[in-house]
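Let me begin by presenting the structure, written as structure tokens, before commenting on it.
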2 protein chains.
Amino acid sequence: MPVPCETRTEMQAPEFKDFAKEMVDYISNYLENIRDRRVLPTVQPGYLRPLIPDEAPQQPEKWEDVMADVERVIMPGVTHWHSPKFHAYFPTANSYPAIVADMLSGAIACIGFTWIASPACTELEVVMLDWLGKMLELPQEFLACSGGQGGGVIQGTASEATLVALLGAKAKTMKRVKEEHPDWDDHTIVSKLVGYTSNQSHSSVERAGLLGGVKLRGLKADENLKLRGETLEQAIKEDLEAGLIPFYVVATLGTTNTCAFDRLDEIGPVANQYNVWVHVDAAYAGSAFICPEYRYLMKGIERADSFNFNPHKWMLVNFDCSAMWLKEPYWIVNAFNVDPLYLKHDMQGSAPDYRHWQIPLGRRFRALKLWFVLRLYGVDNLQAHIRRHCGFAKQFEALCVADDRFEIFGEVQMGLVCFKLKGSNELNEALLKRINGRGNIHLVPSKVNDVYFLRMAVCSRFTEPSDINYSWKEVSAAADELLAEQKK
Amino acid sequence: MPVPCETRTEMQAPEFKDFAKEMVDYISNYLENIRDRRVLPTVQPGYLRPLIPDEAPQQPEKWEDVMADVERVIMPGVTHWHSPKFHAYFPTANSYPAIVADMLSGAIACIGFTWIASPACTELEVVMLDWLGKMLELPQEFLACSGGQGGGVIQGTASEATLVALLGAKAKTMKRVKEEHPDWDDHTIVSKLVGYTSNQSHSSVERAGLLGGVKLRGLKADENLKLRGETLEQAIKEDLEAGLIPFYVVATLGTTNTCAFDRLDEIGPVANQYNVWVHVDAAYAGSAFICPEYRYLMKGIERADSFNFNPHKWMLVNFDCSAMWLKEPYWIVNAFNVDPLYLKHDMQGSAPDYRHWQIPLGRRFRALKLWFVLRLYGVDNLQAHIRRHCGFAKQFEALCVADDRFEIFGEVQMGLVCFKLKGSNELNEALLKRINGRGNIHLVPSKVNDVYFLRMAVCSRFTEPSDINYSWKEVSAAADELLAEQKK
């Protein structure tokens, strides 16, 4: 006979409340004092295994012991992405409203693959993507509230959005080409497909091509690291002459290397002319389009077929929340629509069944965190967050420019400063190693046209002007050490 | 000049603590009283939009107002997956330890794409997959602690695991065939690839074939709905004769339709003989293998190349946590390895960089919830949870068998009972409609070999024997109504 709840030994509600509230205090304490921790851990690979047993315990442990192990086992190996001393990669979001929303999502713990599987999960997502789309002033065709075909969806990551768009573009083109050439089989057509992106686009774009089994050409960006319409058109013409079928282009607004913006206003018309699907990857910089003064950088957006940015990067919604809008989602919905009886329901067609819009079947109730963040920050505060970060980048740039030993690489855009010591790649590699080795701040490098440089991304929502001064002093001190050593 | 923190209007730490603790109480109250809510909502598509504004607010709202809207806006549209009255699909997990772990994950909010991006995130995952693998008695070659090539990884969903394995199998076979036929190009080889699965496997397997752009044949399961070795061998031989290249087979342990178990002990040897990658999809039933008495159902596992099950289904770890083990992860790692400078680090090679093991780039710190659940339940309680659910299925089966009007469809396995009224498909469709219409419990149907039946999945961790009696009475009362009406 089953054991009734009250005699079970696993965690019950009263203990949960104690444990969870203790965790709330821990979280608040962790985040409010995150500046005091060493941003990059000093552990070596394999550090964790000896700290814990080889096997799961047979009997339940006390939550107090688990709690104590967070500092003993986990924290020594954590890279503190939310420290104002963290300047690597791009930001990932973290906010109090999003954390609370995720708690609720974890409690409801529905799987929103169809409308009926939890109507609130689907419907809040539809409306939140409209809210967000309006905040960016996306063209009406992308919004569900326009009453057209278009709409938004939350993907897990920008990589998935790029892949989903590629698969939609592939399906659309296959259909067209099959009509034109009824004698060609699928594999013949796929072997002729060719997509485009800039040599500055994110590694996940190239990977989407590998995953999707199609050619993706990395086109040369111009001297400002932007992909131009002319370059795209030339490539398309070449490929058409060679008997290939251009089908997809990814334009990046805010590249990972330098936060460069492809010329969407040029790429869009060219792509439209040649029936090439335009996907816009604005993973990082897209959040800035909630501020009117940055929207000139998305000029041409009305020409795009799909648009994606990550509120989980720069808009204070915890990972994962990658917002994607499609003008014609049916290309994706129909291409991979496998519809078994156990997933059918009476309301099909009257609301999106988001499982058809994405790679996985299952999905969490992620719209909650978007809702909580938008309401508990308000648009004003979210804009202020973006502007503050852009201001910090300018502050760092000014410090850098004032030091003769340094130079800015490219143009400072958004919250990213690319800079280097005047001198060789080796010198700058040594500088980065020294900065990260001092352990007070954390940066990663990049390389463009064989020039190695350092990237200073403003990442933390806790950052204050004094933090930027601190980070600059660290860079400067590392340079002092390095240059002094080299003089010896 | 940036606004200092203390004068900002967004949520600060003290408010967060109040809000989050209020949410803790709400969650506990929601879950402990979930039985009292109507399991399936009565809302119509489009219900939510009129309940909230058309746009995000400009200024921040009070958290108390957001909290109040959870009951007003969200709850009317929630399908309560954790109610003991929910018997649809398969369970999805929800537990107090997992919810608390996810809070911590949200606070640390690191992105674990490489080891250096947060060593604890990668290392805890490696060790947790070893703990879990040992609990299932997986062969040593799957475990990282064996010191070999193999190891585990947390994927988002079983659909992704199936796709990742397919892509690994594709890469492995492409390499082999290219060596044998240096004159064949990639598209020629891809066009010849053929994979296999049973006609009983999950819709996501068929979809993985569509996404991966390869043929996947749905082979006929035997009269017990199991895929047999003989059937596979015949298909492979046919395809080889037709000049195709068999490369991948998905064996399902616990199908969605009826929880049938493919004969892995027969499939494995056949697949090994023909160089076909064996992926095991045990999404639901895999959790049961933590109980020794069910391990006979995974006989042949040593022949598999990859194995996947979802602790987020039946092992009390909140979604998403899909555990996957690979004997040779390098096929996946190498196939899609795009390695830009900004993601390189000094320790590459000495610990897994999990970004290469999955479709997306980004990843949350999901191992925390596995760690919390394993420690705070202990193996004994997790086994008890599985056995309790299997016992509830037997309890329901006995009630069903005792009623002459009903019959069991197939064999009761794990926590799933497939049953029907003796009679036509139409009769059973009417029965399901009536049951769901009464609104007291929720089931979904399935259809195998043109026989429509109802699926009663035991889903909630709150289920008690009295709940099963209640669910049976609901089924029985719906049958009373239906049959009485038909007699009129």
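At-a-glance table
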item	result
Helices (runs of 4 or more DSSP H) completely within the range B:88-197 that count 1 or more residues being among the polar types (S, T, N, Q) and free of Cβ contacts under 8 Å to residues at least 60 places away in the same chain	B:158-180, B:186-192
Cross-chain or 6+ apart pairs with Cβ under 8 Å, the range B:430-443 first and touching a residue at least 12 places away in the same chain (Cβ under 8 Å), then among the aromatic types (F, W, Y) and part of a helix (DSSP H, G or I)	B:N440/B:Y470; B:I441/B:Y470
Of the criteria (1) at pLDDT below 95; (2) away from chain A (no Cβ under 11 Å), which one B:Q348 fails	(2)
Filter result (within 8 Å of A:R303 (Cα to Cα) and of a type in the set (A, V, I, L, M)) within the range A:265-278	A:V278
Leading residue by the ranking (nearest to the other protein chains (Cβ to nearest Cβ)) among those in the range B:29-60 that are within 17 Å of A:S105 (Cβ to Cβ) and without any contact (Cβ under 8 Å) to a residue 24 or more places away in the chain	B:Y30
Conditions (1) closer than 22 Å to B:H82 by Cα; (2) buried (at least 24 other Cβ atoms within 10 Å of the Cβ); (3) within 8 Å of chain B (Cβ to nearest Cβ): number failed by A:L104	(2)
Filter pass, B:K85 being more than 7 Å from every other protein chain (Cβ to nearest Cβ), surrounded by fewer than 17 Cβ atoms within 10 Å (Cβ to Cβ) and over 30 Å from A:M75 (Cβ atoms)	no
Qualifying residue in the range B:415-424 (condition: modelled with pLDDT under 95 and either more than 24 Å from B:I154 (Cβ to Cβ) or buried (at least 20 other Cβ atoms within 10 Å of the Cβ) (or both))	no
Residue among B:L374, B:L341 that alone is touching a Lys or Arg at 6+ places or on another chain (Cβ under 7 Å) and either among the acidic types (D, E) or farther than 15 Å from B:G152 by Cα (or both)	B:L341
Yes/no for A:I386 being out of contact with any His (no Cβ under 8 Å at 6 or more places or on another chain), buried (at least 24 other Cβ atoms within 10 Å of the Cβ) and not basic (K, R)	no
Scope the range A:199-216; condition over 18 Å from the mean Cα position of the chain (by Cα) and polar (S, T, N, Q); matching residues	A:N199
Selected residue (criterion: farthest from B:F365 (Cα to Cα)) from residues of the range A:61-79 that are within 8 Å of chain B (Cβ to nearest Cβ) and not in a helix (DSSP H, G or I)	A:E61
Criterion violated by B:L399 - all others in (1) in a helix (DSSP H, G or I); (2) within 9 Å of chain A (Cβ to nearest Cβ) satisfied	(2)
First in the range B:325-344 and under 20 Å from A:Y89 (Cβ atoms) and in contact (Cβ under 8 Å) with a residue 60 or more places away in the chain, second anywhere and of a type outside the set (A, V, I, L, M, F, W, C) and in a helix (DSSP H, G or I), Cβ under 6 Å, 6 or more apart	B:F336/A:R207
Test: residue in the range A:4-26 that is facing chain B (nearest Cβ under 7 Å), touching a strand residue (DSSP E or B) at 6+ places or on another chain (Cβ under 8 Å), touching a residue at least 12 places away in the same chain (Cβ under 8 Å) and surrounded by 15 or more Cβ atoms within 10 Å (Cβ to Cβ)	no
Filter result (more than 14 Å from chain A (Cβ to nearest Cβ), in a helix (DSSP H, G or I) and either aliphatic (A, V, I, L, M) or touching a residue at least 24 places away in the same chain (Cβ under 8 Å) (or both)) within the range B:208-234	B:G229, B:E230, B:L232, B:E233
Condition check for B:G148: surrounded by fewer than 17 Cβ atoms within 10 Å (Cβ to Cβ), among the small types (G, A, S), more than 7 Å from chain A (Cβ to nearest Cβ) and over 30 Å from A:S146 (Cα atoms)	yes
Matching entry among A:H312, A:H356, A:H389, A:H385 (being in contact (Cβ under 8 Å) with a residue 24 or more places away in the chain, in a helix (DSSP H, G or I) and more than 27 Å from A:T256 (Cβ to Cβ))	A:H356
Flag if A:K226 is at pLDDT 95 or above, out of contact with any Leu (no Cβ under 9 Å at 6 or more places or on another chain), closer than 24 Å to A:V417 by Cα and of a type in the set (K, R)	yes
Matching residues, the range A:362-410, being among the small types (G, A, S) and within 18 Å of the chain's Cα centre (by Cα)	A:A367
Single condition A:V73 does not satisfy, out of (1) more than 30 Å from B:P340 (Cβ to Cβ); (2) surrounded by fewer than 17 Cβ atoms within 10 Å (Cβ to Cβ)	(2)
Condition check for A:D305: free of Cβ contacts under 8 Å to residues at least 24 places away in the same chain and among the charged types (D, E, K, R)	no
Any hit, the range A:447-457, residues being in a helix (DSSP H, G or I), within 14 Å of chain B (Cβ to nearest Cβ), closer than 22 Å to A:E411 by Cα and among the aliphatic types (A, V, I, L, M)	no
Within the range A:122-135, tally of residues that are under 20 Å from B:T42 (Cβ atoms) and facing another protein chain (nearest Cβ under 8 Å)	4
Candidates B:L431, B:L370, B:L427 - the one that is in contact with a strand residue (DSSP E or B) (Cβ under 8 Å, 6 or more places away or on another chain), at pLDDT 95 or above, within 26 Å of B:W131 (Cβ to Cβ) and assigned to a helix (DSSP H, G or I)	B:L370
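Residue-wise test of (1) among the aromatic types (F, W, Y); (2) touching a Ser or Thr at 6+ places or on another chain (Cβ under 6 Å).
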position	(1), (2)
B:M23	no, no
B:V39	no, yes
B:Y47	yes, no
B:E55	no, no
B:Q59	no, no
B:W63	yes, no
B:E71	no, no
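For every residue, the table says whether it meets (1) within 22 Å of B:F309 (Cα to Cα); (2) among the hydroxyl-bearing types (S, T, Y).
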position: B:Q200; (1), (2): yes, no
position: B:V205; (1), (2): yes, no
position: B:G213; (1), (2): no, no
position: B:D222; (1), (2): no, no
position: B:T231; (1), (2): no, yes
position: B:E241; (1), (2): no, no
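Here is a yes/no grid of residues against (1) surrounded by fewer than 15 Cβ atoms within 10 Å (Cβ to Cβ); (2) in a loop (DSSP other than H, G, I, E, B):
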| site | (1), (2) |
| --- | --- |
| B:N436 | no, no |
| B:T463 | no, yes |
| B:N469 | yes, no |
| B:K473 | yes, no |
| B:A479 | no, no |
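The values are calculated or read from the model by the stated rules, or taken from the named source; none is laboratory data. The model shown is predicted, which means the values in this text are computed figures rather than measured ones. In this analysis, Cβ positions are derived from the backbone assuming ideal geometry, glycine residues included, and neighbour counts consider all displayed protein chains.
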